[in-house]
Amino acid sequence: MSGRSLLLRMELRSNPETLCVVRGAVAQLTDRLGFSEPECRAVVLGVDEAMTNIIRHAYAGHPDRPIEVLFRRIRTSSCGKNGEALEIILEDRGKRVDRAKLCGRALEDVKPGGLGLHFIRESMDALEFRRRNGRNQLRLVKFLPIPEPPAGS
Amino acid sequence: MQISARHLDKITIFDISGDIDLATSPELRKPLLRELRELRTPRVVLNLKAVRYIDSSGVASLVEGLKASRDVGARFILFGLNTTVREVLQLSKLVRIFEICESEEQAVAT
């Protein structure tokens, strides 16, 4: 992996009121990166759900805990694809995430809750979780659209 | 998010606008559950035309409303789904469990 360039860094609190601000920023950023409208909506949903999970599960609803979100443009190989991608790292200092809960739930169960992780998986090309130095780190990757070759080439 | 209610005979229509997320979904859940569980309104209709965004918290509130309606034998109908709302409901694979109408006329008439 090489050629990382920082696009945006956000230092936030775990207040649900910040979600709409983050969505606005992600919508603008993904649009500027050339994602299609459905892809922009997918990334917005993925980041929103990841933040929601941190607020609800890592911080148990406490609204004043730190969350850091980094957006980088990278070149990567993942899921059998190779190319430029948007990498999003969400980091919190909350309690350790139960890996068993990262499996989500069967969608056949008609019940409220448990959809967030499914939405993240469906919205992004890759998802990776790790615990480091007392922090939870969630890495999301979405491949950038392949630019069309110039006319006449 | 903003929510207001209109009453037509034994039907309550909730007009919802804005974003339904972790911050706002309790404002949707409370009046929905009150209408169904306490007031026992036989038909509750949600106008989602002006909803700009919905996430898993919002979908969970809709599922709670649906389950409450089943518990009390009421109907729970959605209409006015825009692209954003429809995409998220389809992603949840729950779109088929809701009664969805194309218009308010259809939702109150059927």
### Message
Looking at the stretch B:42-62, can you tell me whether even one residue there is farther than 25 Å from A:ASN53 by Cβ and in a helix (DSSP H, G or I)?
### Response
no
### Flag for B:LYS93 being modelled with pLDDT of 95 or more and not β-branched (Val, Ile, Thr)
no
### Message
Given the criteria modelled with pLDDT under 95 and either open to solvent by 10 Å² or more (accessible area, probe 1.4 Å) or not small (Gly, Ala, Ser) (or both), does B:ASP9 qualify?
### Response
yes
#### Entry: Test: residue in the stretch B:8-16 that is on the phi < 0 side of the Ramachandran plot, more than 14 Å from chain A (Cβ to nearest Cβ) and not in a strand (DSSP E or B)
yes
### Sole exception among (1) touching a strand residue (DSSP E or B) at 6+ places or on another chain (Cβ under 6 Å); (2) under 22 Å from A:THR18 (Cα atoms); (3) surrounded by fewer than 15 Cβ atoms within 10 Å (Cβ to Cβ) for B:ASP19, by number
(3)
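Here's the yes/no breakdown for (1) touching a residue at least 60 places away in the same chain (Cβ under 8 Å); (2) within 26 Å of A:GLU148 (Cα to Cα):
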| site | (1), (2) |
| --- | --- |
| A:THR18 | no, no |
| A:VAL22 | no, no |
| A:VAL26 | no, yes |
| A:ARG32 | no, yes |
| A:SER36 | yes, yes |
| A:ALA42 | yes, yes |
| A:LEU45 | yes, no |
| A:ALA58 | yes, no |
| A:ASP64 | no, no |
### Summary
Across the stretch B:90-105, the tally of residues that are touching a residue at least 24 places away in the same chain (Cβ under 8 Å) and under 15 Å from the mean Cα position of the chain (by Cα) stands at 7
### Subset of the stretch B:59-82 [out of contact with any Lys or Arg (no Cβ under 8 Å at 6 or more places or on another chain), facing chain A (nearest Cβ under 10 Å) and not aliphatic (A, V, I, L, M)]
B:ARG70
### Query
If you scan the stretch B:30-77, which residues turn out to be closer than 19 Å to B:LEU91 by Cβ, touching a strand residue (DSSP E or B) at 6+ places or on another chain (Cβ under 7 Å) and of a type in the set (A, V, I, L, M)?
B:LEU46, B:LEU48, B:VAL51, B:ILE54, B:LEU66
### Task
Can you work out which of the residues in the stretch A:55-81 that are outside any loop (DSSP other than H, G, I, E, B) and buried (at least 19 other Cβ atoms within 10 Å of the Cβ) is nearest to the other protein chains (Cβ to nearest Cβ)?
A:ILE55
#### Entry: Residues located in the stretch B:36-51, provided they are open to solvent by less than 20 Å² (accessible area, probe 1.4 Å) and more than 16 Å from B:LEU62 (Cβ to Cβ)
B:THR41
### Task
Would you check which residues across the stretch A:21-33 are more than 15 Å from A:ALA50 (Cα to Cα) and open to solvent by 60 Å² or more (accessible area, probe 1.4 Å) and list them?
A:GLN28, A:ASP31, A:ARG32
### Summary
Within the stretch B:61-88, restricting to residues that are under 18 Å from B:VAL51 (Cβ atoms) and over 12 Å from the mean Cα position of the chain (by Cα), the one that is least open to solvent (accessible area, probe 1.4 Å) is B:VAL88
### Query
Inside the stretch B:89-110, can you point out the residues that are open to solvent by 10 Å² or more (accessible area, probe 1.4 Å) and part of a loop (DSSP other than H, G, I, E, B)?
B:LYS93, B:PHE98, B:GLU102, B:SER103, B:THR110
### Query
When you go through A:THR18, A:THR52 one by one, which is the residue that is within 14 Å of chain B (Cβ to nearest Cβ), of a type in the set (Ser, Thr, Tyr), surrounded by fewer than 21 Cβ atoms within 10 Å (Cβ to Cβ) and farther than 22 Å from A:ARG75 by Cα?
A:THR18
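The values are calculated or read from the model by the stated rules, or taken from the named source; none is laboratory data. If you're wondering where the values come from, they're calculated on a predicted model, not measured in any experiment. Cβ coordinates were reconstructed from backbone atoms using ideal geometry, including for glycine residues, and neighbour counts include every protein chain displayed. Heads up: the accessible areas ignore ligands, DNA and RNA and are worked out on the full protein's heavy atoms, side chains in. Shrake-Rupley method; radii C 1.70, N 1.55, O 1.52, S 1.80 Å.
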